[in-house]
1. Here are some conditions: (1) open to solvent by 30 Å² or more (accessible area, probe 1.4 Å); (2) closer than 30 Å to Arg196 by Cβ. Ser50 meets all but one. Which one does it not meet?
2. Please identify the pairs in which a residue from segment 79-90 that is closer than 19 Å to Val140 by Cβ has its Cβ atom under 6 Å from the Cβ atom of a residue that is open to solvent by less than 10 Å² (accessible area, probe 1.4 Å) and outside any strand (DSSP E or B), counting only partners at least 6 apart or on another chain.
3. Being among the aromatic types (Phe, Trp, Tyr) and within 16 Å of the chain's Cα centre (by Cα) is true for just one of Phe109, Phe125, Phe172. Which residue is that?
4. Return the residues of segment 78-112 that are surrounded by 14 or more Cβ atoms within 10 Å (Cβ to Cβ) and hydroxyl-bearing (Ser, Thr, Tyr); say none if nothing qualifies.
5. Within 30 Å of Gln25 (Cβ to Cβ) and at pLDDT below 90: is that true of Lys142 in this structure?
Amino acid sequence: MKIAFLGNHIPPFSTESELDWTLEQLGHSVVKLQEGQATTAEVLVAGLQSDLFLFVHTHGWQTLGSMSLEEVLEVFRNRKIPSAGFHLDRYVGLRISDQREDRVGKHPFWKCQFVFTADGGNPEFFKSRNVNHFWLPPGVAKRHCFIGTPKDEYRCDLAFVGAKFYHPEYNFREQLVTWLEQQKQWDVKIWGWGPRG
């Protein structure tokens, strides 16, 4: 397949870079459209020449042009080119710091034919916002699944990799990391965004 993919392809570790690598390893051709730089005209042309349009949206970034992204998605729909949006974060219940829940259904990202997020168990919420939503179970890219060579700086009984603080209304991560920090029976190491894969 040829896939037009609008997102942030610059960082080496992102949803987009993992999807790029995976799709290309599966034999697909990926046209990488950098969100915040590509225009709606460029997205339209790439999408019309593709079998699928993918979109991973970074909040606050815009795709400018004489057409809106919603109009571009409507052209894809009329031409029978499927569109799918991915985001590995939760949205339902997160309102304090960035009003994330309130934005669901408003940005063109949510107008893709299929939208996948980490929000499991909330079908009625998304349906009420006219979003064709599916829960995306956690996964790992194949390139990170191998038997590695142990490194002394990473040796420990238990490791946590990721941010300690997430959203104030979803404090389970902070509680988990705080609990881990208090454990004395294990050698626990906590890295923010250190080791990957």
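The values are calculated or read from the model by the stated rules, or taken from the named source; none is laboratory data. Everything numeric here is computed off the predicted structure, so don't read it as measured data. All Cβ positions, glycine included, derive from the backbone under ideal geometry; neighbour counts span all protein chains shown. Just so you know, the surface numbers come from the protein's heavy atoms only, side chains and all, with ligands and any DNA or RNA stripped out. Shrake-Rupley method; radii C 1.70, N 1.55, O 1.52, S 1.80 Å.
1. For Ser50, the exception is condition (1).
2. As it stands, the answer is Phe86/Val56; Arg90/Asp119, since those pairs meet every condition given.
3. Exactly one residue qualifies, and that residue is Phe109.
4. Listed by number, the residues that qualify are Ser83, Tyr91.
5. yes
To keep it simple, each residue is scored yes or no on (1) more than 29 Å from Gln99 (Cα to Cα); (2) modelled with pLDDT under 90; (3) among the hydrophobic types (A, V, I, L, M, F, W, C).
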| site | (1), (2), (3) |
| --- | --- |
| Cys156 | yes, no, yes |
| Val161 | no, yes, yes |
| Pro168 | no, yes, no |
| Asn171 | no, yes, no |
| Glu174 | no, no, no |
| Val177 | no, no, yes |
| Leu180 | yes, no, yes |
| Lys184 | yes, no, no |
| Ile190 | no, yes, yes |
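Okay, residues lined up against (1) open to solvent by 50 Å² or more (accessible area, probe 1.4 Å); (2) closer than 30 Å to Leu73 by Cα; (3) under 20 Å from the mean Cα position of the chain (by Cα); (4) among the aliphatic types (A, V, I, L, M):
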{"site": "Phe114", "(1), (2), (3), (4)": "yes, yes, yes, no"}
{"site": "Asn132", "(1), (2), (3), (4)": "yes, yes, yes, no"}
{"site": "Pro138", "(1), (2), (3), (4)": "yes, yes, yes, no"}
{"site": "Lys142", "(1), (2), (3), (4)": "yes, no, yes, no"}
{"site": "Gly148", "(1), (2), (3), (4)": "no, no, no, no"}
{"site": "Asp157", "(1), (2), (3), (4)": "yes, no, no, no"}
{"site": "Lys164", "(1), (2), (3), (4)": "yes, no, yes, no"}
{"site": "Pro168", "(1), (2), (3), (4)": "yes, no, no, no"}
{"site": "Trp179", "(1), (2), (3), (4)": "yes, no, no, no"}
